[in-house]
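The values are calculated or read from the model by the stated rules, or taken from the named source; none is laboratory data. Since the model is a prediction, treat every value here as computed from it, not as a measurement. Backbone-built Cβ (ideal geometry, glycine too); neighbour counts: all protein chains shown.
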Amino acid sequence: MSATHRLREYTRGKTSIIGMIAALIAAIICMSLSGLVLRDAGNITVFDDATSTSAGAKVALRVYKPAGASDEAKAPAIVFAHGLSTNKESYAQYGMELAKRGFVVVTPDLINHGSSDVRPQSEFLGPYTDNEAYGMYAAVRYVKDLPYVQSDQIGVAGHSVGGQAANNAVRLDNEEATQSIQAVYLVSSEPVYKDQDQEWANVYGNRDVGVYYTTYDHVYFTTVNADGTPVKAADWLTSDSAKSLFSFGDDPADFAGDQVVPGQWYEREIDGRTAVREVTQANEIHPQAQDGDGAVAAVCDFFQASFEAPRYRLGANQTVRWYQLFNVLGLFAVLAFAINLIGSLTHLKLFASLRAGENASLAPPPADRPGKIWFWGLTIANCAFAFVSISLIFKFGLGYFNTQVLAQQPSNIYAFWALANGLFMFLTSFVSYRLYARKHGATMRSWGLRIPWRDFGKSLLVVVIALLGILAMVELANRVFRTDFRYYLWGLRDVPMQVWPTFLAYLPFFLVFGLSVSIALNSAYHCRIAHEKEWVNDLFFAVMNMVPALLITVIGYWIFAQTKVAPTIFGSNYTFTYTINAIPVFPVIVVFIRRAFKRCNNPYIPGLLAGALMCWFQTACSVTIHAFMYFGML
């Protein structure tokens, strides 16, 4: 080894170590700042606790206690429930913003979600009396017993399925001798219009009720008028259902006006109290309330008007975006830490045989016409297959099921899509090798695929060490700062013990995808397009991998906005609502795989690590039901 080569390797190793330390410091700074915003610079105490349903199911809770709340100065309280296939951490913005205004806030993990117990199908999908509104009413009992809570000012709220949990909590509360819930707010979730006999009724009694009505909602607000006329979600305000709700359960024919007016407070004296009904109309899609600040503002303003807010602050006055920014930057820092950790490990004597070689640099662009045809043809083919495969998965109902082992229905959709795309990319990569690359001097060794078994074992060890390093950072963020690393639905959070078997069950699906992408990016297509810089090349593949999900989502929602009907052209009226979750993932994973490959000499390390991280992203934040269930075609 020449002195120049030794110097270059020393510099690379030192750069990786410095990069790893810098990324670690950046991640700690981000989690610190995220925690600082979450706690409102010390004005909010955030802690985790648990309660249980009457059937013994554990319900994990996160509590936001404002500094002013005490046994002597009791504060109003809000129980806020997350949507389906997410968790309490995903809705931290509601907890922190309400707590900044003096409310005690409790956000539960609904049962079969997050850190709460995974219960049998018969309980989770059974009568709400059995699961206590997915555990939300257990959280209501918990908050009522807190010594610093004003027990006659307790509200419930929730997004999507969380709103339905709030509705069922009201039903349970109605059966109690003394009611605990005084106000309800439903975010992108359907109110209750009728009683058990399907007659118009005021199920909410003298409670205040608010609705955050999302015009482009593909899940709720589609209804049928008394004469049988169907009403689209975009026209919900004109429906009999809305008119009855805002007439406090009266016959909608008696409603004064053609439609419910957003922003107007409808009032009526009921049992000695002035009850209110109010709706905020938002030209948003159903999942936007999870990430947007409009719903947060509406929730804050509603409860501040319904209760006596200890510290009034306009709902739009938020620090949510700062919290989200630090979370995202923290996620990038964690990924950068993993990349540089790989580089640092390969400069240890034990892993020296995995050190990056000549194949880490991009090859020149294809020089001949056949090479360009192969490059562009397979790149476009992979995009087209991803576009078609997700449509077929939905069209034929594949993935829309649960089993005892594959127990997360949303994860099944993404797992099957990952598997299908992974197998197709394996096929295209190796077909291009056999028919073109091999004839032009490429070998399995030059592609980084043929390595000694000892090196493959070392590669697996590097992946495990990197995962353990990431897990340690996630645990630090959660236990010390009560935060995690996420964007929207996707995030690195602590994995509850009951979810680890599920993680392992889905891991092979995502490993196939991660490996196939890594082989495609770092072997088959590891070349320049023209004479662009490496970051431009990375950006190109990041965008190309994002295109199928982006197109389906944009086209689907555009058609929905124009026709007011969820389109089925992609196999189902739900396809475009699933692909939206994948849009931010693909470009990040592509860049991660490319950058990690520059720190080693084979595509296995970045591919396996990326696959494991994607599985982590998905399974740690989804609904789990260990039972065989087929939901049919959507």
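Can you name the residue in segment 285-314 that is small (Gly, Ala, Ser) and more than 24 Å from the chain's Cα centre (by Cα) and, of all such residues, is surrounded by the fewest Cβ atoms within 10 Å (Cβ to Cβ)? Spell out the reasoning first.
Within segment 285-314, the subset small (Gly, Ala, Ser) is 289, 292, 294-295, 297-298, 305-306, 309.
Pick out the ones that are also more than 24 Å from the chain's Cα centre (by Cα) and you get 305-306, 309.
Working: ALA305: 16, SER306: 22, ALA309: 19.
The extreme case among them is ALA305.
For GLN264, are the conditions met, namely being out of contact with any Gly (no Cβ under 6 Å at 6 or more places or on another chain) and free of Cβ contacts under 8 Å to residues at least 24 places away in the same chain?
Working: out of contact with any Gly (no Cβ under 6 Å at 6 or more places or on another chain): yes; free of Cβ contacts under 8 Å to residues at least 24 places away in the same chain: yes.
So GLN264 fits the description; yes.
Restricting attention to helices (runs of 4 or more DSSP H) lying wholly within segment 248-358, give those where 1 or more residues are closer than 30 Å to ARG454 by Cβ and β-branched (Val, Ile, Thr). Talk me through it step by step, then tell me what you get.
Numbers: elements: 288-291, 294-306, 320-345.
In segment 248-358, the matching helices (runs of 4 or more DSSP H) lie at 320-345.
Inside segment 51-76, residues that are part of a strand (DSSP E or B) and either out of contact with any helix residue (DSSP H, G or I) (no Cβ under 8 Å at 6 or more places or on another chain) or closer than 19 Å to LEU36 by Cβ (or both) make up a count of 7.
Quick check on my filter: what residues within segment 563-592 are part of a loop (DSSP other than H, G, I, E, B) and aliphatic (A, V, I, L, M)?
Kept after step one, since they are part of a loop (DSSP other than H, G, I, E, B), are these residues of segment 563-592: 564-574, 580-584.
Of everything in segment 563-592, those that are part of a loop (DSSP other than H, G, I, E, B) and aliphatic (A, V, I, L, M) turn out to be VAL565, ALA566, ILE569, ILE580, ALA582, ILE583.
Scanning segment 389-403 for residues that are assigned to a loop (DSSP other than H, G, I, E, B) and not small (Gly, Ala, Ser), which turns out surrounded by the fewest Cβ atoms within 10 Å (Cβ to Cβ)? The selected residue is PHE396.
Of the residues making up segment 244-284, those that are loosely packed, with under 14 Cβ neighbours inside 10 Å and at positive phi number 4. The number of residues in segment 53-62 being more than 21 Å from the chain's Cα centre (by Cα) and of a type in the set (Val, Ile, Thr) comes to 1. Of all residues in segment 186-200, one or more are under 19 Å from ASP109 (Cα atoms), of a type outside the set (S, T, N, Q) and crowded, with 23+ Cβ neighbours inside 10 Å. The residue pairs whose first member lies in segment 346-361 and is over 15 Å from ARG445 (Cβ atoms) and crowded, with 16+ Cβ neighbours inside 10 Å, whose second member is of a type in the set (Asp, Glu) and at pLDDT below 90, and whose beta carbons are closer than 8 Å, counting only pairs six or more residues apart or on different chains, are HIS347/GLU9; ARG355/GLU9. Taking segment 102-151 as the search range and keeping residues that are assigned to a strand (DSSP E or B) and not polar (S, T, N, Q), which one is nearest to HIS82 (Cα to Cα)? Here the residue is PRO108.
Can you tell me which residue among PHE540, PHE570, PHE576 is of a type in the set (Phe, Trp, Tyr), more than 21 Å from the chain's Cα centre (by Cα) and surrounded by 18 or more Cβ atoms within 10 Å (Cβ to Cβ)? Among PHE540, PHE570, PHE576, only PHE570 is of a type in the set (Phe, Trp, Tyr), more than 21 Å from the chain's Cα centre (by Cα) and surrounded by 18 or more Cβ atoms within 10 Å (Cβ to Cβ).
Which residues, taken from segment 447-476, are of a type outside the set (Phe, Trp, Tyr), part of a loop (DSSP other than H, G, I, E, B) and buried (at least 16 other Cβ atoms within 10 Å of the Cβ)?
Here is the first cut: in segment 447-476, the ones of a type outside the set (Phe, Trp, Tyr) are 448-452, 454-455, 457-476.
Filter again for part of a loop (DSSP other than H, G, I, E, B), leaving 448-452.
Across segment 447-476, the qualifying residues are GLY448, LEU449, ILE451.
Return the residues of segment 165-205 that are assigned to a loop (DSSP other than H, G, I, E, B), touching a residue at least 24 places away in the same chain (Cβ under 8 Å) and among the charged types (D, E, K, R); say none if nothing qualifies.
First, the residues of segment 165-205 that are assigned to a loop (DSSP other than H, G, I, E, B): 175-182, 188-193, 195-199, 201-205.
Pick out the ones that are also touching a residue at least 24 places away in the same chain (Cβ under 8 Å) and you get 179-182, 188-193, 201-205.
Result: GLU190, single match.
How many residues are of a type outside the set (Asp, Glu) and touching a strand residue (DSSP E or B) at 6+ places or on another chain (Cβ under 8 Å) if we restrict to segment 36-62? Total meeting the criteria: 16. If I ask for residues that are over 19 Å from the mean Cα position of the chain (by Cα) and touching a residue at least 40 places away in the same chain (Cβ under 8 Å), which ones from segment 468-497 would you list? Correct list: GLY469, MET473, LEU476, VAL480, PHE481.
Take ALA256 and decide whether it is in the same structural domain as VAL149 (by TED's automatic domain parsing) and within 16 Å of SER189 (Cβ to Cβ). Spell out the reasoning first.
Details: in the same structural domain as VAL149 (by TED's automatic domain parsing): yes; within 16 Å of SER189 (Cβ to Cβ): no.
Considered against the rule, which asks whether it is in the same structural domain as VAL149 (by TED's automatic domain parsing) and within 16 Å of SER189 (Cβ to Cβ), ALA256 comes out as no.
You will find that of ALA407, ALA415, the residue that is outside any helix (DSSP H, G or I), buried (at least 21 other Cβ atoms within 10 Å of the Cβ) and touching a residue at least 40 places away in the same chain (Cβ under 8 Å) is ALA407 and no other.
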